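Asks: The structure's right below; bear with me while I get my questions together.
The values are calculated or read from the model by the stated rules, or taken from the named source; none is laboratory data. What you see is a predicted model, and the numbers here were worked out from it, not measured in a lab. Reconstructed Cβ throughout: ideal geometry from the backbone, glycine too, with neighbour counts over all protein chains shown. These accessible areas exclude ligands, DNA and RNA; they are computed on the full protein's heavy atoms, side chains included. Shrake-Rupley method; radii C 1.70, N 1.55, O 1.52, S 1.80 Å.
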Amino acid sequence: MGPPGTAIPSIINGSAGIAPQDTTHHHPPQSQSQPQANTSSPLVATGDWTKDLVHLAKTAELKKHALTLQLHTAHILSAHASLQEKSRIIQDIREQRNKLDSERTRLLNALREINEDRDKADLTESTIERECGEIRNKMTALTDGEYAIAKSDVDRLRQELGQPPLPSLQSILDEKTNHLV
């Protein structure tokens, strides 16, 4: 059986209706004495033409399969090229992700250091604020206690001596602040 579209003549009584050109010949009339109804002699196939026909059918089938194979090969090569391109893209993405991970680690370390420095600053600020509170409390205790008593004594004695009183503590503090600024 040959590929579709290939007609193979049927063999009747050992001969076919069509035979290759080189395997046909005209048989000479067998005798002159026999009456001939037909003036031309029939074509008779000779040689191994069936082998040639089978070979032609197999060659056609081979070409069909070879074309199918070429088509599949082209699809496979195209898919392989696409796979290689996608593999390259994946590799590029992995490299980019590694760079991003390195940058992320660097930034996280920097942020950790910043947070540590901020915590130290917060701790220092709260320590200094506590110290300032303690100093204010001491100032208030001195101002309201011993300083007030001593100033009162000094102002009274200065008055008795005819001298003006000393300036107030607040005016002295304001003057010191103005000189610092």
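Asks: Return yes or no: is Ala81 surrounded by 10 or more Cβ atoms within 10 Å (Cβ to Cβ) and touching a Gly at 6+ places or on another chain (Cβ under 6 Å)?
Replies: Answer is no for this residue.
Asks: Lys86 - would you say it is in a helix (DSSP H, G or I), surrounded by fewer than 12 Cβ atoms within 10 Å (Cβ to Cβ) and either at pLDDT 95 or above or out of contact with any Leu (no Cβ under 7 Å at 6 or more places or on another chain) (or both)?
Replies: On the way: in a helix (DSSP H, G or I): yes; surrounded by fewer than 12 Cβ atoms within 10 Å (Cβ to Cβ): yes; either at pLDDT 95 or above or out of contact with any Leu (no Cβ under 7 Å at 6 or more places or on another chain) (or both): yes.
For Lys86, the condition - in a helix (DSSP H, G or I), surrounded by fewer than 12 Cβ atoms within 10 Å (Cβ to Cβ) and either at pLDDT 95 or above or out of contact with any Leu (no Cβ under 7 Å at 6 or more places or on another chain) (or both) - is met.
Asks: If I filter region 123-146 for residues that are open to solvent by 80 Å² or more (accessible area, probe 1.4 Å), more than 30 Å from Ile172 (Cα to Cα) and in a helix (DSSP H, G or I), do I get at least one hit?
Replies: Yes.
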